[in-house]
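Data block below; observations after.
Nothing in this text is a laboratory measurement; each read-out follows from the coordinates by a stated rule. Quantities reported herein were computed from a predicted structural model and do not represent experimental measurements. Every residue, glycine among them, receives a Cβ derived from its backbone with ideal geometry; neighbour counts consider all protein chains shown.
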Amino acid sequence: MRGTWRSRIIVAVICAVAIAIANSAVAAGSPAARTNRAQGEQLGTVNFPISCTPDAQKAFNTGLALLHNFQYEEAEQTFSQVAQQDPTCAMAYWGKAMSLYHQLWDWPSADTLKEGHDDTSQAQKLRAKTEQERMYVVAAGVFFQDNPNLSKASRIKAYSDWMGRIFTKYPDDVNAGAFYALSLITLQGKNVDQDANRKQAIDILDKLMAVAPDNPGVLHYLIHAADTPELAPQGLEAARRYAKIAPDSSHALHMPSHIFVRLGLWQEAIDSNIAAEAAAAQATQAGKADATYQFHAMDFLNYVYLQSGQAAKAQAILGELKSVPGATPNEIAWNTATLQARNALELHQWEEAAELPIPDVKPDQLEETYWVRAIGAARIGDTAEATTDLENLQKSVDAGRAEEQKMGYKASTGETTEQQEAEAWLDYAQGKHEEAVKQMRDAVVKEGDGVDSLTMPAREMLGDMLLEMKRPAEALVEYKAALAESPNRFDGLYGAAQAAQLAGNATEARGYLAKLVKVCSPDADRPELQTARQEVAAEQ
């Protein structure tokens, strides 16, 4: 959700770029054709002319496509193949190093930083024949430099600055522009304006998409840049393109759903993640990936099934977790606990929520379980159990922050949004209704505009609370605001319909019910839809 647990898992370009790209491709003798693996896999279209042998060039483009698709393990394997095909190819070692830098996923360990340093040192020794390639090597080298005192933020900034230099000097280099944009949305620190960086990245990538519409990096990074409630509409074109260009990359198939979920396009999100789950399983069985890709797709699929009214299918995902190829017991237990907690919360099954089993996982992986247990216990009036769960939630938050610091991240401080939400419901259960509303409003402020795409927003919870207090007009205001940030959420639409009806606006209530019926699957089985369908049918 919005706490620390979810967090542990962007030079303008002118229209003449299109001509420059075409000319440079012809001059280099390297066709910008669709990159296919020997097995016929399609990964998108990339072209990066390098001063290596023709066979190495072909494999390099494949590795670059995999890198852009975040298929890191396969990318590293492919760049190693490039090095075997042409031992003098400096860019092969650049690729190996960059496959170790998972910019939006995790932070490299000390051993991984050393491995990256060794690869970039080898690339520098080989000294590429072109200045452009040498600049790429330097950019990777400043990130992987042998300096244990260099902060995480400083490494990221040094790399980003170098990618900016490359793109400024070579504005027709689509890949440099894509990598630079990605580095912008990765920047961290108290003086970093993340919204401004996202908007700059979108501006760069939009222009690149016009001249390289099938480049996986351009489309992929534009989706990441636009993955906020405010910016999501700007990522829709890229999402729909990306869903088609790389059918053999599980992550490429999944990523469009980040935008589809933000915009409440449930069927497109379902299609995206069903395809991603199948591709991920196949890749893992072939030894090209790990279980993380499939679990991520299943996580989204569970959420989207709930929002599209398909409770039985959401529940069925839990039974499939044990069959994920290559999954460890800890991964299965953690993902099972996550989905169990979400199902109970989204379906308002408060007794089940209060009795969620405690999984045998690391302490920092228990946040969501204790968060939902605390809310569930409070909603059924068990204030003692809710208090105990809140205490355990604090322990899990502390463990998560300690883990973040160990990984080189700057840990957050103060109460999380989840803690404030659970405390608000405990106040409510104890009869302190005004204090509960104030606490929930504090949670709304804490959450701000950073609403996670797979969560129940704090503002929607505030609507629920006000509805419980028989203050429907106020509840409706909150539901509307929540739906503006998280469109088409099932409980947001249904809650708004209830609030409008109780506030005396039957026409508005029917409008929300009609919207709910429209966005839900014809096969939806959530019981609230029975009422919605009857109301809508009566008006037709």
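Diffusion coefficient of the stretch 328-456 by Stokes-Einstein, Kirkwood radius over Cα pairs, 10 °C, 1.306 mPa s: 106 µm²/s. Taking trypsin sites (Lys or Arg not before Pro) across the stretch 371-453, the ones in a DSSP loop with at most 14 further Cβ atoms lying within 10 angstrom of their Cβ are K410, K432. Evaluating 6.51 cos²θ - 1.76 cosθ + 1.60 at θ = phi - 60° for every residue in the stretch 164-179, the Karplus couplings come out as x, 5, 5, 5, 5, 6, 10, x, 8, 8, 4, 5, 4, x, 5, 5 Hz, glycine and proline recorded as x. For the stretch 512-522, 3J(HN,Hα) computed residue by residue from phi via the Karplus equation (6.51, -1.76, 1.60; θ = phi - 60°) reads 5, 5, 4, 5, 4, 4, 5, 7, 7, 5, x Hz, glycine and proline entered as x.
Report note on the peptides 96-108, 71-83: ranked by the mean count of other C-beta atoms within 10 Å, highest first, their order is 71-83, 96-108. Our summary gives the stretch 76-172 a relative contact order of 24 percent, counting only alpha carbon pairs under 8 angstrom and 6 or more residues apart.
Close amide H partners of F70, meaning residues 5 or more places away or on another chain with modelled amide H under 5 Å apart, do not exist here.
Phi-derived couplings, Karplus 6.51 cos²θ - 1.76 cosθ + 1.60 at θ = phi - 60°, listed residue by residue for the stretch 450-462: x, 4, 5, 6, 10, 10, 7, x, 4, 5, 5, 4, 4 Hz, with x used for Gly and Pro. Judged by the ratio a/c of the largest to the smallest principal axis of the C-alpha gyration tensor, the stretch 419-476 counts as oblate, that ratio being 1.5 or greater while a/b is no larger than b/c.
Amide hydrogen proximity for G44: with H placed 1.01 Å from N in the peptide plane, the residues at 5 or more positions away or on another chain lying under 5 Å are T35.
Spatially, the stretch 359-379 and the stretch 393-420 are offset by 14 Å when compared through their Cα centroids. Take the alpha carbon atoms of the stretch 442-472, find their center, do the same for the stretch 190-215, and report the distance between the two centers in whole angstrom. Computed from Cα coordinates, the inter-centre distance equals 30 Å.
Taking a ≥ b ≥ c as the square roots of the eigenvalues of the Cα gyration tensor, the stretch 144-236 is classed as oblate, since a/c reaches at least 1.5 and a/b does not exceed b/c. Taking only the Cα atoms of the stretch 472-540, the ratio Rg/Rh comes out at 0.95, with Rh defined as the Kirkwood radius. For the residue pairs K190/K410; K96/K244; K157/K190; K480/K518, alpha carbon separations beyond 22 Å are given by K96/K244. Expressed as a fraction of 2.2 N^0.38 Å, the value expected for a compact globular protein of N residues, the C-alpha radius of gyration of the chain is 1.02.
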